[in-house]
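Following: one structure in structure tokens, then a few remarks.
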Amino acid sequence: MHPFMRQISITYRCAMRYREHELCDTGLAGCQTPYITALYRRPGLTQEELARELNVNKSSVTRQLTILEEKGYVRRESDPEDRRSMRVWPTEKAHALRDRLFQCYRDWNEYLTQDLSEEERAELSRLMARIASKAEAYVKGGEAACAPSDNI
């Protein structure tokens, strides 16, 4: 793995472990928090829209939503306009966790960047936004030589 991608991968996995540790009393896995935060921003997304929003495959969304529903953090209902689609909403239990979850994200970002100057933080943010945008463009077909796989 290219060192740059390895560093991103390590940082992402450590972030999930941090969230899991900080939220251990909630029963949430670190990989489940992005689903809840996406639903805070856009409640009522379909499962397919959630997969696109998070850049994960539909089977991962289904699997994680099943767990989150069992734990009481989301509810799913058939879309009245398209019975084949399921819309997803955060529950009151999820909303009660909102401030704590966002604080967890802020604390992790602060921890990672505490040794950087304000200029370095701004530059890192700008560069990472560019990289993320390029990665999303590829996955969404902007530069892909073939159709995106559902297994990405």
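The values are calculated or read from the model by the stated rules, or taken from the named source; none is laboratory data. Only a predicted model underlies this, so the values are computations on that prediction, with no experimental measurement involved. Cβ atoms come from the backbone with ideal geometry, glycine included; neighbour counts cover every protein chain shown.
Data table
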read-out	value
Residue match in region 52-74 (condition: surrounded by 14 or more Cβ atoms within 10 Å (Cβ to Cβ), among the acidic types (D, E) and without any contact (Cβ under 8 Å) to a residue 40 or more places away in the chain)	yes
Any hit, region 55-67, residues being closer than 26 Å to S125 by Cβ and either of a type in the set (G, A, S) or within 14 Å of the chain's Cα centre (by Cα) (or both)	yes
Among the candidates D25, D115, D107, D99, residue that is in contact with a helix residue (DSSP H, G or I) (Cβ under 8 Å, 6 or more places away or on another chain) and surrounded by fewer than 16 Cβ atoms within 10 Å (Cβ to Cβ)	D107
Unmet criterion (only one of (1) more than 17 Å from A29 (Cα to Cα); (2) assigned to a loop (DSSP other than H, G, I, E, B)) for G72	(1)
Residue list for region 97-117, filter: hydrophobic (A, V, I, L, M, F, W, C), more than 26 Å from E77 (Cβ to Cβ) and either more than 17 Å from the chain's Cα centre (by Cα) or not in a helix (DSSP H, G or I) (or both)	L112, L116
Test: residue in region 4-26 that is at pLDDT below 95 and at positive phi	no
Only listed residue being within 14 Å of the chain's Cα centre (by Cα), more than 20 Å from M128 (Cα to Cα) and either at pLDDT 95 or above or of a type in the set (G, A, S) (or both), chosen from A29, A94, A38	A29
